[in-house]
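Notes for the one structure printed next.
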Amino acid sequence: MVVTDVYNHRFHKIFQMDEGLNHIMPRDDIFVYEVCGAAEDGSECLLLSVYFRERRSRPSSASAGAVLYGQPLLLSVPKRGLTRESLYQAVCERISRYIKQPLPAECGSSPSGPGACSGSRGGCEGEDEEEMEHLEEGKEQLSETEGGGWEDEPGSDPGETTQKTKGRSCPKRLFSLNAVNSYGTADINALETEEELLKLNSGSTLAMNWDSETRSLYYDEQESEAFEKHVSVLQPQKKKKTAMALRDCIELFTTMETLGEYDPWYCPTCKKHQQATKKFDLWALPKILVVHLKRFSYSRYWRDKLDTVVEFPIRGLNMSEFVCDPSARPYVYDLIAVSNHYGAMGVGHYTAYAKNKLNRKWYYFDDSNVSLASEDQIVTKAAYVLFYQRRDDEFHKPPSLTSFPGASDGGTRPSSSQQGLGDEEAYSMDTN
């Protein structure tokens, strides 16, 4: 059994069996896969991540874009003797219940030979006779079904990708296979060799490339999302605290901490390491407050990414009570940007939310893509760095033409936000 966290049609994380349940958040979509560790003859089986991907042609150019959809698969296949054809057959067998119409004749057979991993659930078992009979019947039904043609795979011979059956063009393959990166966004190489053995490693990621017409005709969206609810799901659940507040993090940040046995402090008087305490105090805060949330957990034996949801205010973060100076001004902040991190310790992807100074609207930044966002989208488990601005700053004054140089006849002096932070620099509060 393999436990995974699925996010945005790809594997966000594949858990180790000795990991604690505290690494799983209530909002996570957890999928558990039944796989095999070895084939029937005892040889090694590869564990492959397989993503559904649709290739869409762009009207303005000859290139095509790829979009992930559906739920990913974990597929067990024998490493010995693995070819493109046997891999294709294993994938077809695994997705057979997602297909609206019976598979083409080529998908009716299953990989043969010693060590073949079979079974719709990824186990190393014998062929399911009932399922195979259904597929055999499907061969005859398919030849009598009328429908449109199919696009050939890039770089392939049209005569090899289609076969004629009573007046219609039937696809030899529903999809093509590519080795891709872990996000499914970049191709590594195309698996085009028919007879040569494939050189794949356990943990490799593959993409099933479907064209739009094939997907609409054969892929059953409703069946792919179908599941049976366990009786425990229908029972009323007690509400548990699933998130922590930013205020709690700041209180912990300013609380006296006793250093652990493995984190001693070097005493300049004793000239040796001693167990000690430490404490952070805030004497003053700047116009721009940067809060760095702790997202990575370190120990002597383990490192992990933390996905705890930290609930932070969009507006009205009052930091006055945490400032030691009794004569300090009120420190009330509003959020202006959030940097998000998706991924794990060694690999990840950054996105951001930011508020426009002029129109007061939020925007979502994902590489070169920018889109409008709403406030209810901003607080997520991916939030990594928070950017707050003090309310007495020019950012919070209503924008007007006179706030820009040259807007009036005589011109105006640039606002303080245009001149920079002045004598107060941005302060970064690292909750690590």
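The values are calculated or read from the model by the stated rules, or taken from the named source; none is laboratory data. Remember, predicted model here, so these are calculated numbers, not experimental data. No Cβ is skipped: glycine too gets one built from the backbone with ideal geometry, and neighbour counts run over all protein chains shown.
Out of (1) touching a strand residue (DSSP E or B) at 6+ places or on another chain (Cβ under 9 Å); (2) free of Cβ contacts under 8 Å to residues at least 60 places away in the same chain, what's the single condition that is false for S368?
Result: S368 fails condition (1) only.
Can you go through Y353, Y333 and tell me which one is surrounded by 16 or more Cβ atoms within 10 Å (Cβ to Cβ), touching a helix residue (DSSP H, G or I) at 6+ places or on another chain (Cβ under 8 Å) and not polar (S, T, N, Q)? Outline the logic, then answer.
Working: Y333 fails: touching a helix residue (DSSP H, G or I) at 6+ places or on another chain (Cβ under 8 Å).
None of the others qualify; the one that does is Y353.
Quick one: would you say L87 is at pLDDT 85 or above, buried (at least 19 other Cβ atoms within 10 Å of the Cβ) and more than 21 Å from Y218 (Cα to Cα)?
Working: at pLDDT 85 or above: yes; buried (at least 19 other Cβ atoms within 10 Å of the Cβ): yes; more than 21 Å from Y218 (Cα to Cα): no.
When the stated conditions are applied, L87 does not pass them.
Could you check how many residues of segment 305-330 are hydroxyl-bearing (S, T, Y) and either in a loop (DSSP other than H, G, I, E, B) or surrounded by 16 or more Cβ atoms within 10 Å (Cβ to Cβ) (or both)? Please lay out each step first, then the result.
Within segment 305-330, the first condition is being hydroxyl-bearing (S, T, Y), and the residues that meet it are 308, 320, 327.
After this cut, where a residue has to be either in a loop (DSSP other than H, G, I, E, B) or surrounded by 16 or more Cβ atoms within 10 Å (Cβ to Cβ) (or both) as well, the list is 308, 327.
The total comes to 2.
I need the full set of residues from segment 248-277 which are small (G, A, S) and touching a helix residue (DSSP H, G or I) at 6+ places or on another chain (Cβ under 7 Å), in order please.
Of segment 248-277, the ones small (G, A, S) are 260, 276.
Matches in segment 248-277: none.
If you go through segment 341-367, how many residues are outside any strand (DSSP E or B) and under 26 Å from K305 (Cα atoms)?
Residues flagged as outside any strand (DSSP E or B) and under 26 Å from K305 (Cα atoms) within segment 341-367 amount to 5.
For every residue, the table says whether it meets (1) under 24 Å from L285 (Cβ atoms); (2) in contact with a Leu (Cβ under 8 Å, 6 or more places away or on another chain); (3) modelled with pLDDT of 90 or more.
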position: A352; (1), (2), (3): yes, no, yes
position: D376; (1), (2), (3): no, no, yes
position: A383; (1), (2), (3): yes, yes, yes
position: S400; (1), (2), (3): no, no, no
position: S415; (1), (2), (3): yes, no, no
